Amino acid sequence: MIAAAAPSLSYDWSQALSDLGQISPIAALTGFMLFAIIADLAIPRVRRSGVVAMVAVVGYTYSLATAAYRWKFATLGPAYHGYATGDSFAIFFEVLFAILGILTVAIAHPYLVRRGLREAEFHILVMAAVIGMMVLGSATSLVTIFLGLELFSIALYVACGFARADSRSQESAAKYLLVGGFASAFVLYGMALVYGASGTTLIPEIAKNIASSPASDPLLLLGILMMGVGFAFKVSAAPFHMWTPDVYQGAPIPVTAFMSVGTKAAAFAMIVRVFDSGLPHLGPEWQALLAFVAAVSMIVGNLLAIAQTSLKRLLAYSGIAQAGYILIGVIAGGKDGLAAVLFYLFSYLFMNFGAFAVVTLMAGPDGDHDRIADLDGLHRRSWPMAVLMTVFMLSLAGFPPFVGFFGKLFLFTAGVNAGYTWIVVLAVLMSVVSVYYYVRVLIPVWSQSGRVDALRVPFSSSAAIGLSGIFSLGLGIYPTWALLAGQLSSGPITGP
């Protein structure tokens, strides 16, 4: 009798290490998050907050350094049998989200102390959200995309309701949970339909398997429509924007600042991966859908922002309009279009986060003070903050030489070159409209009325706001290196 061969128990450790190396920025931050959870349980409450905040900053910094090292020296490619990748597109978003995490810790620490909120738990939730966003940037499978989407969404559901004694915060969390679950269901059903049409969840394989499918395939068209609706919810684009102003206004300001940049960047990473990389031959179909969403977003966002008296709601409607501008680059596609998208997202990180960061300085023990009138006489209370708020507002409005001007210029140029002149004309007209409400914010900032007592600006907040201001101006004066980074990252590696 011939003995049956024993099954091989060998494990390809070299491949395992290679796969881990491709997602090392995510893995590193996950390790720091787990350490922060243990520290939160083991360290006495008196010292807990500072230690966890420090762990978070070190974790983001280490993840940022790891991503920068990989960009320069490592071999970039797919991992885990095509379910993830460590390509330059993924690294770009890992860098962006790590910087966002550091800035969030900087403005959240003094805010949470003033409001009397638990700090350690807050930083752990934000770290979980950042990990989910990084997963979205590196995902090359519909399964991995959905896991990253739910990881950061669940963390933010809790973070929105972090001010447990504030009814507005609880209302914000409830609305975000209900609408977010609704949007996730749309995305999941759309993914299921695309899987049914292609027979795979791997994005590069989807592109290959449906390359010969007719553009009129109802399964694919319905899948694109449902995913597009879910993506529009996540990116805060009209007409699926209803949740955004209410959630932004009710959530604690550091959460709003984090969400305003993070969820938008993560959602655009998801849109580019799925539509541009997975469904390229159905471009006319999803481009028409996104063009409609972009046009409605710019009109609704800019017109409704005019009537707002709350800075949170004004910046929420501003974010809806900004999503419309960014969609122009996605629709244009190609290397120039995607490079413009990445450049604008990196710029938006600083100019929009900086504006929210200034608003955190107005908060007191009784809650957030986010009315436009609360900025009365800011230049007499703290002239550096008044100058920086001016930089952020003018940059969002698109005034040269600030970075917002060049971001819009690159997006609009890509749109015209791709033949979408009509939507670029609409975007220019709506940008003119936006000047009104951005400048309206600056009138009380430089008003001679209002309070005259000195505004206390903690060092960490001043550092975060100052850094945001420097980048908002510096990237406008010299945008070349950031645009080059966007161009280098605009060709996602999705093949196995």
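Things worth noting here:
- Of all residue pairs spaced 6 or more apart or on separate chains, those with beta-carbon atoms under 8 Å, a first member in region 48-68 that is farther than 14 Å from ALA120 by Cβ and a second member that is among the acidic types (Asp, Glu) are SER63/GLU94; LEU64/GLU94; ALA67/GLU94.
- Condition met for LEU442 (modelled with pLDDT of 90 or more, in a helix (DSSP H, G or I) and within 30 Å of ARG115 (Cα to Cα)): yes
- The set of residues from region 372-386 being in a helix (DSSP H, G or I) and either more than 18 Å from LEU315 (Cα to Cα) or in contact with a helix residue (DSSP H, G or I) (Cβ under 7 Å, 6 or more places away or on another chain) (or both) comprises ILE372, ALA373, LEU375, LEU378, HIS379, ARG380, ARG381, TRP383, PRO384, MET385, ALA386.
- Screening region 139-163 for residues that are over 28 Å from LEU112 (Cα atoms) and in contact with a Lys or Arg (Cβ under 9 Å, 6 or more places away or on another chain) and picking the one that is surrounded by the most Cβ atoms within 10 Å (Cβ to Cβ) gives THR140.
- Breaking point among (1) closer than 30 Å to GLY116 by Cβ; (2) within 15 Å of the chain's Cα centre (by Cα), for ASP370: (2)
- Per the conditions (1) in contact with a helix residue (DSSP H, G or I) (Cβ under 7 Å, 6 or more places away or on another chain); (2) crowded, with 17+ Cβ neighbours inside 10 Å; (3) modelled with pLDDT of 75 or more; (4) not aromatic (Phe, Trp, Tyr), the sole criterion not satisfied by ALA482 is (3).
- Among the conditions (1) buried (at least 21 other Cβ atoms within 10 Å of the Cβ); (2) free of Cβ contacts under 8 Å to residues at least 12 places away in the same chain; (3) of a type outside the set (Asp, Glu), the only one that LEU100 does not satisfy is (2).
- Qualifying residues in region 387-426 (those that are touching a helix residue (DSSP H, G or I) at 6+ places or on another chain (Cβ under 8 Å) and aromatic (Phe, Trp, Tyr)) - the one farthest from SER472 (Cα to Cα): TYR420
The values are calculated or read from the model by the stated rules, or taken from the named source; none is laboratory data. Note that the coordinates shown come from a computational prediction; the quantities given were computed from them, not determined experimentally. Here the Cβ is made from the backbone with ideal geometry for all residues, glycine too, and neighbour counts use every protein chain on show.
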